[in-house]
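Engineer: One structure is given below, represented as structure tokens, and several questions about it will come after.
The values are calculated or read from the model by the stated rules, or taken from the named source; none is laboratory data. Since this is a predicted model, take the numbers as computed values, not measurements. Heads up, the Cβs are rebuilt from the backbone with ideal geometry, glycines too, and the neighbour counts pull from every protein chain shown.
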Amino acid sequence: MKKRLFWRQLLLAVAFSFVGSSRVFAATLEEYQLKAAFIFNFLKFAKFPQESRSNSYNVCIKGNSAVFNSFKIIKNKKVGDNIVNVLMIRNEESLAECHVLYVPSFRDYAVLKRVSADNAHILTVGEGEEFLRAGGILGFYFENNKVRFAIDVNNLKASGLELSSKLLSLAKVVNR
């Protein structure tokens with residue numbers, strides 16, 4: 001009798017753990033979709049050097065297929081006359097195609113050194129102040145259960161990009 005009760009409790013515990021994890025996973029997808037929308041709007045306030053201009057903006061995701069799939073909500077939308085493409089990059093050779101590079105994992109922060117070394121004009125976006133300290137331009141963070149963003153103006157200047165004063169007024173600005 002005790003064994004049967006034990007197995008029943010174990011089965012229920014396992015079942016509830018899967019239910020809980022799917023909620024967390026769903027919340028994460030919603031969070032990334034929100035960040036995709038932020039990035040789409042950042043493009044409206046970014047000025048890229050003439051040599052990196054084309055008839056499209058390439059938003060690149062560094063090596064995470066779940067994040068890539070959630071960013072598809074901005075694919076084929078227009079910013080001015082430019083169509084937004086969403087690309088997943090797995091290696092650093094693909095960086096030349098990117099206007100925006102979203103790096104969702106701290107394990108991939110080393111890619112920022114390549115962006116800097118290549119003097120690439122890429123708006124780098126990631127998570128938190130650690131990302132900014134690693135050389136990123138724009139970092140998302142949570143404050144009062146809301147997604148916010150910080151901009152490192154030194155990293156921005158080094159990139160050769162410009163962001164409008166309207167966007168800077170909405171951000172937490174670091175290294176002013």
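Engineer: Output the residues belonging to the stretch 157-173 that are within 17 Å of the chain's Cα centre (by Cα) and either part of a loop (DSSP other than H, G, I, E, B) or buried (at least 20 other Cβ atoms within 10 Å of the Cβ) (or both).
Structural biologist: Answer for the stretch 157-173, where residues must be within 17 Å of the chain's Cα centre (by Cα) and either part of a loop (DSSP other than H, G, I, E, B) or buried (at least 20 other Cβ atoms within 10 Å of the Cβ) (or both): just Ala171.
Engineer: What are the residue pairs meeting all of these: first residue in the stretch 98-109, first residue of a type in the set (S, T, N, Q), second residue not in a helix (DSSP H, G or I), Cβ atoms under 9 Å, and 6 or more apart or on different chains?
Structural biologist: Pairs found: Ser105/Lys62; Ser105/Gly63; Ser105/Asn64; Ser105/Gly126; Ser105/Glu127.
Engineer: Pairs, please: C-beta under 7 Å, at least 6 apart or cross-chain, first residue part of a loop (DSSP other than H, G, I, E, B) and in the stretch 122-141, second surrounded by fewer than 19 Cβ atoms within 10 Å (Cβ to Cβ) and among the aliphatic types (A, V, I, L, M)?
Structural biologist: Final answer for the pair search is Ile122/Leu95.
Engineer: Right, another one. Tell me, yes or no, whether the stretch 119-139 has at least one residue that is surrounded by fewer than 21 Cβ atoms within 10 Å (Cβ to Cβ), more than 17 Å from the chain's Cα centre (by Cα), among the small types (Gly, Ala, Ser) and on the phi < 0 side of the Ramachandran plot.
Structural biologist: Checked against the condition, which is being surrounded by fewer than 21 Cβ atoms within 10 Å (Cβ to Cβ), more than 17 Å from the chain's Cα centre (by Cα), among the small types (Gly, Ala, Ser) and on the phi < 0 side of the Ramachandran plot, the stretch 119-139 yields at least one hit.
Engineer: Here is a list: Ile61, Ile83, Ile73. Which entry is part of a strand (DSSP E or B) and under 16 Å from Leu34 (Cα atoms)?
Structural biologist: On the way: Ile83 fails: under 16 Å from Leu34 (Cα atoms); Ile73 fails: part of a strand (DSSP E or B).
So the residue among Ile61, Ile83, Ile73 that is part of a strand (DSSP E or B) and under 16 Å from Leu34 (Cα atoms) is Ile61.
Engineer: Here are the criteria: (1) modelled with pLDDT of 70 or more; (2) in a helix (DSSP H, G or I); (3) of a type outside the set (Ser, Thr, Tyr). Tell me which single one Arg23 does not satisfy.
Structural biologist: Failed condition: (1).
Engineer: Please go through (1) within 28 Å of Glu143 (Cα to Cα); (2) among the hydrophobic types (A, V, I, L, M, F, W, C); (3) modelled with pLDDT under 95 for Ala15 and return the number of the only condition it doesn't satisfy.
Structural biologist: (1)
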